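Quick notes on the structure that follows.
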Amino acid sequence: MADTICNHAETSGDRYGAERAIAEALAPTVVPMPPPKLPAQNFIARHWRGELSLARAYWVNHLLLGTIASVAVVGLAWLIERDATEQPVRWLIALLVTWSLIIAFSTWAMVGIWRSATAYRRSGKRYWGAAAKLAVLLGAIQLALAVASAVIPQAIGICEILSGDTRLGPHQFKAQNNGTMLDFSGGITFGTARELELMLNAMDNVRTIRLNSDGGRVAEAQKMAELIRARGLSTFVTGHCVSACTIAFLGGKQRYLLSTAKLGFHQPYFPGMTADAKRSAIVREQIRLQYFGLSRAFAERANRASPSDMWYPELDELVRERVVTAVVTPQRSKPETTVAPAPPAPTVSARL
C-alpha cells in the first residue's frame, strides 16, 4: 500500500514537473529593458530646451557668454580682415563667418531665454518672464535690422568689387607728351594701383600723372598716392578729380591744377557702414589728409560733406592749404591736353 502511494506521488510529480517545464519553455522570454535615457546634461542643450533658470539663461548664458563670444568673434574677424580691403575674398569670408557666428549664438541664446521665461511664468511669477520675452523680441528685431541694413549691403558691395566694379565705370592709362606724362581717367577700381605700378615700371621718363576721375576705392587711391610719392612725381588735374581721386592727387610732389578744373571732397562711404564704422573711417581720412600736410580744419571740412554731396574748395583755399602747389592758367593758343605741368611751368596765377 505504501509503495503504491509513493509510486503515485512520483508519477504525479513527474507529470507536474513536465507540465511546468513545458509551460516555462512556451513562456515568452523576458528581455530586460535598458534604463530610460536621461536628458542631456550639458548646458548648451539644457539652455536650448529652457531647462535652466531664467536668471542663469539671461544673465550668464546670454550676457556674460555673449560678451565673451563677441570679443572672440571680433578677434577672429580682425585676423581674417587684416588687409582685407586689398583682398576682397578675405573681406567677404570675414563678413560671412563673423555674422554666421553672431546669428547662431543669438538664436541659441534667445530661444533658450524664451523657453525659460515660459517656464518661469508657469510657476506664477509673471513680471520677469514677460520682461525677458520683451527683451528677446527687441533683440531679434535689432539683429534682423543689422542684417538687412549692414550685412547684406556690405556683402553686395564686396561682390561688386569682385565682379569688377562696373558701377564705377572703366578707366584707362595713356602716355602723353613723349612719355613724360601718364594720363589716367575713369573709375579707381580694385587693381588700378597695380596697373599704375606696371605702367611706371615700363616707362622711365614719366614725370607727371594727370588725373581726371570721379574717384572709387579709397584703398586703391592710397596705393596710387604712395607710388606717386615714392617716385617723386607731380600730379596734374585739367578737368575734375573728386572723391578718392583727390587722395591720389595729394601724392604728387608738385600738385598742379588748371584754373578751370575742380577738386571735390566728401566723407568716406561703403554700403552697409554702421555709425561706428563711419566715424572710424572719417577719423582715418582726416588723419590721412593731415599726413599730406593739410590743416586739421581743412581735413575736418573735407570729411563733413555727405557721400551724396561734394565740397569744392575755392582755388585760393586750395593754394593756401597747400592742397595745390600751383594753379595753371590755360593758354588760349593751345588745348588743355598739351599744357605741361612740369618746369618750365605755364603761366601761374598762384604758387607757394
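Over region 178-326, the pair-distance histogram of Cα-Cα distances with 10 Å bins from zero comes to 12, 45, 34, 9, 1 percent, rounded to whole numbers. For A326, nonlocal amide neighbours, meaning residues 5 or more places apart or on other chains whose placed amide H falls under 5 Å from its own, are R255, L257. Cβ-to-Cβ counts within 10 Å put M199, M181 in ascending order as M199, M181, the fewest first. Subtracting the Cα-Cα distance of Y312 and I93 from their residue separation scaled by 0.36 nm leaves 75.1 nm. Across region 236-314 the C-alpha pair distances fall into 10 Å bins from zero in the proportions 18, 51, 26, 5 percent.
Please give the net charge around H171, taking every other residue with its beta carbon less than 14 angstrom from that of H171, where Lys and Arg add +1 and Asp and Glu add -1. Overall, the nearby charge balance is 0. Note on region 43-162: Cα convex hull, mean projected area over all directions, 7.5 nm².
At q = 0.12, 0.23, 0.24, 0.25 Å⁻¹, what is the base-10 log of I(q)/I(0) for region 142-215 according to the Debye formula with one equal point scatterer per Cα and no solvent? Please give it to two decimals. Log-scaled intensity ratios, in q order: -0.46, -0.99, -1.03, -1.08. Take the Cα of S295, step 7 Å toward its Cβ, do the same at D276, and the gap between the two points is 3.4 nm.
In the structure displayed, which of K174/K262; K223/K278; K133/K278 lie more than 28 Å apart, Cα to Cα? As for pairs spanning more than 28 Å Cα to Cα, those are K133/K278.
Here, each number is a calculation from the coordinates, and none is a lab measurement. Just so we're clear, the structure is a prediction, and the values are computed from it rather than from any experiment. Backbone-built Cβ (ideal geometry, glycine too); neighbour counts: all protein chains shown.
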